[in-house]
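Undergrad: Below are the structure tokens for one structure; questions will follow.
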Amino acid sequence: MTATATTPRARRAHRWRAVVWGVVGVIALAALWELYKLVGPADGWLVGAQEGVTGSGIRLLPRTSDLAMPHIWEMFARIVEPVTRASGALPLGVVVLLAALTSLGVAALGWLVGVVVGFALALLMLGFRIAERAVLPFVILSQTVPLIALAPLIRNWGSRLEFGAFSWESWMSVVIIASYLAFFPVAVGALRGLQSPDAAHLDLMRSYAAGWWTTLFRLRLPASVPFLIPALRLAAANAVVGTVVAEISVGFTGGIGRLILETAVAASSDPAKPWAPILGAVLLGLVAAGFVALLAAFLSPFRRQETVA
């Protein structure tokens, strides 16, 4: 019997290849941006436009003018410049970094709440078949509710809660919305992973008179790791997206989502400025994905290793 697990050297080589291909992908994307700006039409490609009617037609290709599509180097140069012309204004990159850290904290809390709720629902559906039949359809249907419509409702409901000196803050609404998007992949992925052990393995645990909790910790949880890691990664991405959208919808200030909205106002006079917080949101997503990758590395010893004869 020989294990198919790779050696540490092979794993390091795989990680370095992933990094190299990631860098190549970023460079290719920047080159494609500049290439399209060079050869693309300045006013884009508009189909079905009616003469004298503003906003008519469908734009199939974006504009390539400096106002609509600044150069890559202009975007990065704008990051180190002051955010405004006011005396003592911080560099735009520092403002974006502070906003991204604020959003990261809110997204992390939303992700944590979503993971707890999702895993609790998975355990409930695992323990009671009737709960799986009753809860799982509603879990799936919950993701069909438009987030842009749900955010103001959550803020309105939260503002009406009164518990002594407790007062509902806008960031709490953002956390609820982020967790709302994060719990779904965890609930589905964890349930699938907890149900993945073979019948023979379950029968073996019963032959040892192992109880439900012992089977859960000794067999089902280790078996669920290959299913749970992708679910946690998707939940992290959903939490970041939910945080950015919710910040705009509920009026939470200080985060990257609100900064995107504020800098978009200056797009006509400072076209490179709005792209800085967009890059900050991308960085936020990469940090979230990196955290889940570290968690996956920590949980890798608990994965089931396949063997071949």
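Undergrad: Helix-only mean residue ellipticity at 222 nm, the chain, DSSP H runs n ≥ 4 weighted -39,500 (n - 2.57), per residue, nearest 500. What is it?
TA: -22500 deg cm²/dmol
Undergrad: Quick check: Cα centre of region 16-41 to Cα centre of region 122-172, how many Å?
TA: Comparing the Cα centres of region 16-41 and region 122-172, I get a distance of 40 Å.
Undergrad: Something else now. Would you work out the charge dipole size for region 92-302 about its Cα centre, treating the Cβ of every Lys and Arg as +1 and the Cβ of every Asp and Glu as -1, and quote it to the nearest 20 debye? If you can, show how the numbers build up before the last one.
TA: Numbers: 11 positive and 8 negative charges, 86 e Å.
Dipole size: approximately 420 debye.
Undergrad: Still on this model: Among 138-151, 287-300, 104-117, 169-182, how do they line up by average Cβ neighbours within 10 Å per residue, starting with the highest?
TA: Highest mean packing first, the order is 169-182, 104-117, 287-300, 138-151.
Undergrad: Using modelled backbone amide H atoms (1.01 Å from N, in-plane), which distant-in-sequence or interchain residues come within less than 5 Å of residue 61's amide H?
TA: It is 45, by chain and number.
Undergrad: Could you point to the label whose value was computed as log10 I(q)/I(0) by the Debye sum over Cα atoms at q = 0.06, 0.08, 0.10, 0.16 Å⁻¹ for the structure here, given (i) -0.22, -0.39, -0.61, -1.44; (ii) -0.19, -0.34, -0.53, -1.31; (iii) -0.31, -0.53, -0.78, -1.34?
TA: Of the labelled values, this structure produces (iii).
Undergrad: Follow-up question, since we're still on this one. Top to bottom by accessible area (1.4 Å), largest first, where do 183, 166, 76 land?
TA: The most accessible residue leads, giving 76, 166, 183.
Undergrad: Quick one: net charge around residue 85, please, counting Lys, Arg +1 and Asp, Glu -1 for every other residue with C-beta under 15 Å from its C-beta.
TA: Spelling it out: positives minus negatives among the neighbours equals 0.
Undergrad: Please build a GNM for the chain, connecting alpha carbons under 10 Å apart, and tell me which residue among 250, 20, 94 fluctuates the most.
TA: Looking only at 250, 20, 94, the largest GNM fluctuation is found for 20.
Undergrad: So what are the radius of gyration and Dmax for the Cα set of region 110-210, in Å?
TA: Reported Rg and Dmax, both Å: 17.8, 56.
Undergrad: On to the next question. With a 1.4 Å probe and every protein chain left in place, work out the accessible area per residue of region 92-302 in Å², rounded to a whole number. Don't skip to the end; give the middle numbers.
TA: On the way: 10810 Å² over 211 residues.
For region 92-302, the per-residue accessible area is 51 Å².
Undergrad: Moving on. For region 67-100 and region 188-202, what is the separation of their Cα centres, given in Å?
TA: With region 67-100 and region 188-202 each reduced to a Cα centre, they are spaced 50 Å.
Undergrad: At a probe radius of 1.4 Å, what is the per-residue accessible area of residue 14, in Å² to the nearest 10?
TA: It works out to around 110 Å².
Undergrad: Next up: How much accessible area does residue 43 have with a 1.4 Å probe, in Å² rounded to the nearest 10?
TA: Around 110 Å² of this residue is reachable by solvent.
Undergrad: Near the amide H of residue 83, under 5 Å away, which other amide H atoms are found, from residues 5 or more places off or on another chain, if H is placed in the peptide plane?
TA: Close amide H contacts, sequence-distant or interchain: 90, 92.
Undergrad: Something else now. Report the accessible area of residue 279, computed with a 1.4 Å probe over the heavy atoms of all protein chains in place, in Å² rounded to the nearest 10.
TA: So the heavy atoms of residue 279 present about 70 Å² to solvent.
Undergrad: State, as an integer percentage, the relative contact order of the chain based on alpha-carbon contacts under 8 Å between residues 6 or more apart.
TA: Working: 392 pairs, mean separation 71.8, N = 309.
Contact order relative to length: 23 percent.
Undergrad: So how do 238-248, 24-34, 218-228 stack up, highest first, on mean other-Cβ count within 10 Å?
TA: Descending mean neighbour count gives 238-248, 218-228, 24-34.
Undergrad: Output wanted: per-residue J couplings in Hz (rounded whole) for region 217-234, from phi through Karplus 6.51 cos²θ - 1.76 cosθ + 1.60, θ = phi - 60°, x for Gly and Pro.
TA: 7, 8, 10, 5, 5, x, 5, 7, 4, x, 8, 6, 4, x, 5, 5, 5, 5
Undergrad: Would you please give the FRET efficiency between residue 204 and residue 15, computed as 1/(1 + (r/R0)^6) with r the Cβ-Cβ distance and R0 = 41 Å, to the nearest 0.05?
TA: Values: r = 36 Å, r/R0 = 0.88.
Step by step, r from the Cβ atoms, then E = 0.70.
Undergrad: Moving on to the next point. Could you identify which residue out of 285, 211, 189 has the top mean-square fluctuation in a GNM of the chain using Cα springs shorter than 10 Å?
TA: In the Gaussian network model the winner is 211.
The values are calculated or read from the model by the stated rules, or taken from the named source; none is laboratory data. Given the structure is predicted, the values throughout are model-derived calculations rather than measurements. Backbone-built Cβ (ideal geometry, glycine too); neighbour counts: all protein chains shown. Side chains included, ligands, DNA and RNA excluded: accessible areas come from the protein's heavy atoms. Shrake-Rupley method; radii C 1.70, N 1.55, O 1.52, S 1.80 Å.
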